[in-house]
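Everything on this sheet refers to the single structure shown next.
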Amino acid sequence: MIEQKKLKNGFEYLKINNKNAHAKIALQGAHLFHYQRLGHAPLLWLSGKSFFEAGKAIRGGVPICWPWFGRHKTEKNLPQHGFARNLLWKLLEARENDACSTEITLQLTSSEESLQLWPHRFELLLQVTVSETLCIALTSKNCDKKTCEISSALHSYFAVTNIDNVSVEGLENTLYFDAVTNESKTQKGPLSIAEEVDRIYQKIHNPLILHDQTRTLHIAATGSSSAVVWNPWITKCANMNDMQDIGYQTMLCIETANALEDARQLAPGEEHTLTAVFS
Ligand code: TA6
């Protein structure tokens, strides 16, 4: 079943139920904020203090960072992580492949509003396939007459039992930029979290594996060779108005990205698809 729902303040989202899983996707930002396989815990973490308001990104789920990841290279007053997550997308297609799989396609195209922020005509498609696995595919198309550079991320917040219980496999011996210390380093062994972590890894192995007690989550990416791992830890979390003070204890962001050296140049008419499959 696919239902179009609206909160009292008019915030619109899709509610998807099939024999394998439930999901919710906000039209603002094409923001998947809930996915849960039947008989399993929710896959994605969602802040209980998240805004569900126009123009404010939901804290949790899978925000779409596009057409730049992090701060804009030159215009520091432009929104962090680009504008795609703050704009209203259009529902192009909602298809029940069968009783066990639902496919949603949403579209964002350049507009007077986006051209004020980024001088490129584009089409952006997000395809979410909800089944016993979750597949998210973000396709960028350069509809302009000049080449553009895109950095992006599927900024996935994963729910974990406790941050002390988790480790991430697949980053071993890869180079990363440590945004906490502003240094380039090499990952030694699996990653565990015991402080603020904000790292952009390059040339990662596929898939990444999140271990959380007896549970393992496989994150298989295509169209990406970089990944971001983030946990705000105690101080930064306490200073975030849309996150509970202890929120950092039950979440970890592992983001499938085209970030830093993995940014993509698109010639006129060219397309690029960034995909993550969670199983
Ligand atoms: O993905 C890591 C990061 O770039 C962190 O530096 C932190 O800013 C996080 O994204 C969340 O950013 P947001 O703009 O959603 O608060």
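Measuring only protein heavy atoms, the 1.4 Å probe finds Trp118 accessible over about 20 Å².
Taking 2.2 N^0.38 Å as the expected size of a compact globular protein, what ratio does the Cα radius of gyration of the chain give against it, to two decimals?
Values: Rg = 17.9 Å, N = 279, 2.2 N^0.38 = 18.7 Å.
Dividing the Cα Rg of the chain by 2.2 N^0.38 Å gives 0.96.
Taking max minus min of the alpha-carbon positions on each principal axis, the range 191-273 gives extents of 45, 32, 17 Å, largest first. For Leu208, the residues whose amide H sits under 5 Å from its own are Ile219, Ala221, ignoring neighbours fewer than 5 places away on the same chain, with H placed 1.01 Å from N. Taking 37 °C and 0.692 mPa s as the conditions, I'd like the Stokes-Einstein D for the range 42-111 in µm²/s, using the Kirkwood hydrodynamic radius from alpha carbon pairs. For the chosen part, D equals 229 µm²/s. Expressed as a fraction of 2.2 N^0.38 Å, the C-alpha radius of gyration for the range 133-208 is 1.38. For the peptides 203-209, 36-42, the ranking by packing is 203-209, 36-42, with the highest mean count of neighbouring Cβ atoms within 10 Å listed first. Heavy atoms of the protein chains alone define the surface here; on that basis the chain has 45 Å² accessible area per residue at 1.4 Å probe size.
Measuring nothing but protein heavy atoms, the accessible surface of the chain at 1.4 Å probe radius is 49 percent carbon and sulfur. The longest stretch of the chain left intact once loop-based GluC sites (Glu not before Pro) with at most 11 other Cβ atoms within 10 Å are removed from consideration, loops following DSSP, is 76-194. The distance from the alpha carbon centre of the range 207-250 to that of the range 40-83 is 14 Å, rounded to a whole number. Where only DSSP H runs of four or more residues are counted, the chain gives -1000 deg cm²/dmol as its mean residue ellipticity at 222 nm, each run worth -39500 (n - 2.57).
The values are calculated or read from the model by the stated rules, or taken from the named source; none is laboratory data. Everything numeric in this text was worked out from a predicted model, so none of it was measured. A quick note on method: Cβ atoms are made from the backbone with ideal geometry, for glycine too, and the neighbour counts reach across all protein chains shown. Ligands, DNA and RNA are excluded from the accessible area calculation, which covers all protein heavy atoms including side chains. Shrake-Rupley method; radii C 1.70, N 1.55, O 1.52, S 1.80 Å.
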